[in-house]
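Asks: Below: one structure in structure tokens.
The values are calculated or read from the model by the stated rules, or taken from the named source; none is laboratory data. Fair warning: this is a prediction, and the values are worked out from it, not measured in the lab. Here the Cβ is made from the backbone with ideal geometry for all residues, glycine too, and neighbour counts use every protein chain on show.
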Amino acid sequence: MPDSPISPPIPPSRPAPAIRVVDVWKEYVQDGREAVCALRGAHMEVAKGEIVALFGKSGSGKTTLLNLLAGLDRPTKGTIEVDGGDLSAMGEKGLVRLRRLRLGFVFQFFNLLPTLTAFENVYLSLELAGITDASRASAALTDVGLAGKEARYPHELSGGEQQRVAIARAIVKAPAIILADEPTGNLDSRTGEQVLELLHGRCRASGTTLVMASHSAATGRHADRILRMEDGVLVEEGRSGIAGRPGLPHGGGVLP
């Protein structure tokens, strides 16, 4: 019998990215005027566990992109996949479920509920995810250095402490992805550096994907890769030599 042909080796499959953005445009029409284009054909992939810093001036489209990734807004055109799902196919209930279970958020102005204590602000994130283990909220606050301050209200905490509560709220449900919009923008430089180190360390330890939109150059020192928004256009700026780690899957980046 003739020898069977030898099949060529099958290349290993490339792991699915945590985030994929393909030709995304976002236009706004205000008061019937000419449309304003906030995003212009954005392409981006972010690998699972990757930490990305997104720079750009105010009005460049950074927050618009984060809102689209979170399903809080819809693109005018293009495809966005987050945690393996196409956002356009999820429907509102699916998007709410994604945000409650798989996404964490850190905001510039903390967005803590003023009538809830630090513990209650963190525990609320668990409740919305259907988790009733209160010890996880206490542990998250301990992890961010706030043991003993669980009963304090936001107005009784410093800006840095409030941002630590916000980070605890984001990490407590062990999300696949954290989106941070100007996480140090309302803090002094020393406190901001502490917050970046904390956020970076927690995401690195848990393998959580992190996308940080920022004006601060310090953010780039805590990222594997740096992207920049310029007038709604997303461009690759380079890889960080400080927070980069061996074994990062290839292919994360701005698509051609």
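Asks: Examine segment 27-34 for a residue that is of a type in the set (A, V, I, L, M) and within 22 Å of G85 (Cα to Cα), and state whether such a residue exists. Lay out the reasoning, then the answer.
Replies: Restricting attention to segment 27-34, the residues satisfying the condition of being of a type in the set (A, V, I, L, M) are 29.
Going one step further and asking which of them are within 22 Å of G85 (Cα to Cα), we end up with none.
No, segment 27-34 contains no residue that is of a type in the set (A, V, I, L, M) and within 22 Å of G85 (Cα to Cα).
Asks: Still on this structure, please answer the following. Being crowded, with 22+ Cβ neighbours inside 10 Å and either in a strand (DSSP E or B) or without any contact (Cβ under 8 Å) to a residue 60 or more places away in the chain (or both) is the filter here; which residues of segment 208-223 pass it?
Replies: If the condition is that a residue be crowded, with 22+ Cβ neighbours inside 10 Å and either in a strand (DSSP E or B) or without any contact (Cβ under 8 Å) to a residue 60 or more places away in the chain (or both), then T209, L210, V211, M212, A213, S214 are the ones that fit.
Asks: If you don't mind, there's one more thing I want to ask. Would you mind finding the one in T132, T79 that is part of a strand (DSSP E or B) and of a type outside the set (F, W, Y)?
Replies: Selected residue: T79, the only one of T132, T79 that is part of a strand (DSSP E or B) and of a type outside the set (F, W, Y).
Asks: To continue, here is another question. Considering only segment 17-51, state which residues are more than 22 Å from the chain's Cα centre (by Cα), β-branched (V, I, T) and part of a strand (DSSP E or B).
Replies: The one that is more than 22 Å from the chain's Cα centre (by Cα), β-branched (V, I, T) and part of a strand (DSSP E or B): V36.
Asks: For A53, which of the numbered conditions (1) of a type in the set (G, A, S); (2) in contact with a Gly (Cβ under 6 Å, 6 or more places away or on another chain); (3) at pLDDT below 95 fails to hold?
Replies: Going through the list (1) of a type in the set (G, A, S); (2) in contact with a Gly (Cβ under 6 Å, 6 or more places away or on another chain); (3) at pLDDT below 95, A53 breaks only (3).
Asks: Right, here's the next one. Are there any pairs, at least 6 apart or on different chains, whose C-beta atoms fall under 9 Å, with the first in segment 122-149 and on the phi > 0 side of the Ramachandran plot and surrounded by 13 or more Cβ atoms within 10 Å (Cβ to Cβ) and the second aliphatic (A, V, I, L, M) and modelled with pLDDT under 95, and if so, which?
Replies: Qualifying pairs under 9 Å: G145/L198.
Asks: Looking only at segment 53-93, count how many residues are touching a strand residue (DSSP E or B) at 6+ places or on another chain (Cβ under 8 Å) and more than 27 Å from E197 (Cα to Cα).
Replies: Total satisfying the criteria: 12.
Asks: Would you be able to say whether some residue in segment 85-98 is touching a Pro at 6+ places or on another chain (Cβ under 9 Å) and of a type outside the set (A, V, I, L, M, F, W, C)?
Replies: Checked segment 85-98: at least one residue is touching a Pro at 6+ places or on another chain (Cβ under 9 Å) and of a type outside the set (A, V, I, L, M, F, W, C).
Asks: From A170, A243, grab the single residue that is surrounded by 14 or more Cβ atoms within 10 Å (Cβ to Cβ) and at pLDDT 90 or above.
Replies: The match here is A170.
Asks: Hey, another quick one. What are the residues in segment 106-121 that are surrounded by 13 or more Cβ atoms within 10 Å (Cβ to Cβ) and not aliphatic (A, V, I, L, M), if any?
Replies: Once the filter is applied, which keeps residues that are surrounded by 13 or more Cβ atoms within 10 Å (Cβ to Cβ) and not aliphatic (A, V, I, L, M), segment 106-121 yields F107, Q108, F109, F110, N111, T117, F119, E120, N121.
Asks: Out of segment 84-94, which residues are surrounded by fewer than 19 Cβ atoms within 10 Å (Cβ to Cβ) and among the hydrophobic types (A, V, I, L, M, F, W, C)?
Replies: A89, M90
Asks: Of the residues that sit in segment 185-207 and are in contact (Cβ under 8 Å) with a residue 40 or more places away in the chain and either part of a loop (DSSP other than H, G, I, E, B) or not aliphatic (A, V, I, L, M) (or both), which one is nearest to E120 (Cα to Cα)?
Replies: R202
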